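Only the coordinates and a few stated rules stand behind these numbers; no lab work does. In this text, all values refer to a predicted model and were calculated from it rather than measured experimentally. Note that each Cβ is placed from the backbone with ideal geometry, even for glycine, and that neighbours are counted across all protein chains shown.
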Amino acid sequence: MIESNLSLDIEEIEKTYHENPLEFFKDKRLCLFKACLEAYFPGVRWGIQDLLEELDLEVGTCASQSCCSGTFFQRNLITRAQFAAINERNLYELNQQADVVLFSCNGCYNSLLRGREFLKTQEVSQKTNEIFDRLKKKVGGNNPEKYEILETPNVRFIHDLDFLYLIRDDLLNSLKFDLKNLKVAIHYGCHYLNLSRDKRNVEPYLRDKTKLDDLIRLFGGNPVEYQEKESCCGWGASQLLINPREALKITFNKLKSAETVGADFMVTPCPTCLYTLSKPDFRKKMSKWYGDKLDIPTIHLNELISILRGCEEERCISLKQKTPRIEEIFDIITQD
Amino acid sequence: MDVNSNSNWNWDFYEELVDDVEDNKNIIQCISCGKCVGDCPAAKISNFNIRKIIGKVLRGDKSVLKDSDIWYCFLCERCKRVCPKDNINIPLLIINLRNESFKKGFGPRYNDLRKYVEMSERFLTSGVVVEEPLGGPLFQERVEELNEICNFARIKYVFKASDTNKNRNKRKKKP
């Protein structure tokens, strides 16, 4: 029987380690899942890595991990069985070297959960096994067990946002600055907010999706309600490529809605959403197509934590995809 | 409003889709409440209407494969979250319909695989989708595994069209 839900049981940790949930992670090997889009926002990886190291946790990345391949499945370029096989290949490697895997990207998190879910279907697991049989013959080498579906892996998954919320007391202790009552528009991202792989299993672990609102309040910020708070960033798998005008209209509406209520910046726990919301070329196109120039800064939660912890600007804020006025926000937060 | 009755239902298309992806059998539970449409980002900027699409599938109306509508879905999964039924997987249905549309060669604007050449090429040569991944690409010997997994997939056909692959083949031909 394949164990399909590999999410870490947050509720159980809170119950067992109610004094200090960080204790649960102290003797665990942690691994950061490498999201492709962190290449544009290195501060997303560094932000969580630096924090974990400061908290004396054992943290690393997995050299043998590939892209989660969710983007190829969503674009009809690979089948469910191929997607599941890529997923299982990554899972085998992660299971070898980690007890807990942390995800900075909603898409990757969703992919790893979805890949396991697909294996519940006999047809998909059979085809995935056939792919692995082929792999054993062609590239199996000395480790044919690498190409097996793991029935009950030990490794467990947690999204960075859920993790940061869980260890919020220790997180707050590590902060040097606060948000000085800045107005913050929160964007959770669809594949966090709508995560409903198995409504009866995963949802209770995630519980109310207000963790980012709560964290921003704890950081001394003021989360603002805006009309498009729960709407998509506009990425929409292939939408930015095949229907760019329509996709960017969604992005525009979201940013405009946040600007209208006076948000100083927007924060998200996903680098893919951040890419869509912040890319200078997209901002230019939106201005050209829809008339309004939007200059609301956008930032990933991990980058924001680095700023609040007093890290150097280069370590916090993305160097390659800077959004308008992000330095302004950096300066306001880091003023003594 | 679309009205389904026994007289205008045709199960052939539905059965084909269920044969392909078993989860699709659950769309029969749809009660046409429209919650999925009300909360859908694509419905705000296009004619994408999942309730109508499900209706067409249940009536055996294959014109849905030719419509541009199915290509507007953002796969955001909001419909799956708000659906009052537990097991209707709309995003998976859309991916399945797009797959059928691909196979039949409909909708050239949407099926233009050239748009995916770069990302496919990066994945099959370095295991990631960006040019300079943080921490470096996947080891070459492990990339071979991905290539093997993706055999006969659409991504392979896209990759074959890429410049890198053409140059590789040219290099191989040299004595």
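Figures for the structure shown
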| read-out | value |
| --- | --- |
| Other protein chain Cβ atoms within 10 Å, averaged over every residue that makes up A:237-246 | 6 |
| Whole-Å semi-axes of the ellipsoid equivalent to the protein assembly as shown (Cα gyration tensor, √5λ, descending) | 34, 29, 24 |
| Paramagnetic reach from A:Thr61 in the stretch A:297-336 [backbone N under 16 Å; point 7 Å along Cα→Cβ] | A:302-303, A:315-320 |
| Choice from A:Glu230, A:Glu88, A:Glu312 with maximal GNM fluctuation in chain A (Cα, 10 Å cutoff) | A:Glu312 |
| In nm, spacing of pseudo-spin labels at A:Asp336 and A:Thr260 (7 Å Cα→C-beta vector) | 4.2 nm |
| Cross-link partners of A:Lys15 among lysines (Cα-Cα below 28 Å; sequence separation of 8 or more within a chain) | A:Lys26, A:Lys28, A:Lys199, A:Lys209, A:Lys211 |
| Sum of -39500 (n - 2.57) over DSSP H runs of 4+, divided by residues of chain B (222 nm, nearest 500) | -13500 deg cm²/dmol |
| Evaluated over chain B, the Cα radius of gyration and Dmax, each in Å | 20.0, 68 |
| Folded to 0 to 90 degrees: helix B:117-126 orientation relative to chain B principal axis, Cα | 60 degrees |
| Taking only Cα atoms of the stretch A:201-325, radius of gyration then Dmax in Å | 15.0, 45 |
| Relative contact order (%) - chain A, alpha-carbon pairs under 8 angstrom, separation at least six | 22 percent |
| Mean separation of Cα contacts under 8 Å, 6 or more apart, over the residue count of the stretch B:6-104: relative contact order % | 35 percent |
| Options A:Ser125, B:Ser101, A:Thr268, ranked by Cα towards positive dipole end of the protein assembly as shown, top entry (Cβ charges) | B:Ser101 |
| Peptide-level mean, for B:127-139, of C-beta atoms on other protein chains within 10 Å | 6 |
| Computed magnitude of the charge dipole of chain A (debye, nearest 20; Cβ of K, R +1, Cβ of D, E -1) | 1740 debye |
| Cα-centred dipole magnitude for the stretch A:176-334, charges only on beta-carbon of K, R (+1) and D, E (-1), debye, nearest 20 | 460 debye |
| Global geometry of the stretch A:132-195, whether rounded, prolate or oblate, following the gyration tensor of its Cα atoms and the 1.5 cut on a/c | prolate |
